[in-house]
Amino acid sequence: MADNKNIGAKRLVVGAHYGLRDWLAQRLTAVVMAIYTVILLVSFLTASNFTYEGWAGLFSHQWFKLATFVALMSLFFHAWIGVRDVWMDYVKPVALRLVLDVATILWLVACAGWAAQILWRV
């Protein structure tokens, strides 16, 4: 039988080594988004003014803007982890993967900036 040196205690393990951290980050960001969804649903179901002024009034409170921004940052970080994992799993050329990673980061940062601009304009 052939001697396989890649099996056992001395096996060379390579990779990014951040699976648990990303798993926890995905769960934490999902919990933040779920809590925000409950807050939004309660605000919607208890509201009596279903006009633009009513929604603008809801978003005029600083705590609601902050909660929305935290939820959006959680969404963007959640998306980053998922998309990065897809790029790592399915895009084998390193240069193309780097370009896609940078494009994803730029897109998500632009979305975060746009979200901040929209929230604090109301």
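Just so you know, all these numbers are worked out from the coordinates, no wet-lab data involved. Please read all numbers here as calculations on a predicted model, not as lab measurements. FYI the Cβ positions are ideal-geometry reconstructions off the backbone, even for glycines, and counts take in every protein chain you see.
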**Message:** With θ taken as phi - 60° and the coefficients 6.51, -1.76 and 1.60, list the Karplus ³J(HN,Hα) couplings across segment 94-106 in order, rounded to whole Hz; mark glycine and proline as x.
**Reply:** 4, 5, 5, 4, 5, 4, 5, 4, 5, 4, 5, 4, 4
**Message:** Taking the number of other C-beta atoms within 10 Å as the exposure measure, put ARG121, ARG21, ARG84 in order starting with the fewest.
**Reply:** ARG121, ARG21, ARG84
**Asked** What list of ³J(HN,Hα) couplings, whole Hz, do you get for segment 107-114 from phi and the Karplus terms 6.51, -1.76, 1.60, once you set θ to phi - 60° and write x for glycine and proline?
**Response** 4, 5, 5, 5, 5, 5, x, 5
**Request:** Let me know the charge dipole size of segment 19-119 about its Cα centre in debye, to the nearest 20, where only the beta-carbon of Lys, Arg (+1) and Asp, Glu (-1) is charged.
**Result:** 160 debye
**Asked** If you rank LYS92, LYS65 by fewest surrounding Cβ atoms within 10 Å, what's the result?
**Response** LYS92, LYS65
**Item:** Karplus-derived 3J(HN,Hα), 6.51/-1.76/1.60, for each residue of segment 37-49, Hz, glycine and proline x
**Value:** 4, 5, 4, 5, 5, 4, 4, 6, 6, 9, 7, 10, 10
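Taking the beta-carbon count within 10 Å as an exposure proxy, list THR29, THR104 from fewest neighbours to most.
Numbers: THR29 21, THR104 16.
By the 10 Å Cβ count, ascending: THR104, THR29.
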**Fill in**
Pseudo-spin-label distance VAL31 to SER48, built 7 Å along Cα→Cβ, given in nm, is 3.7 nm
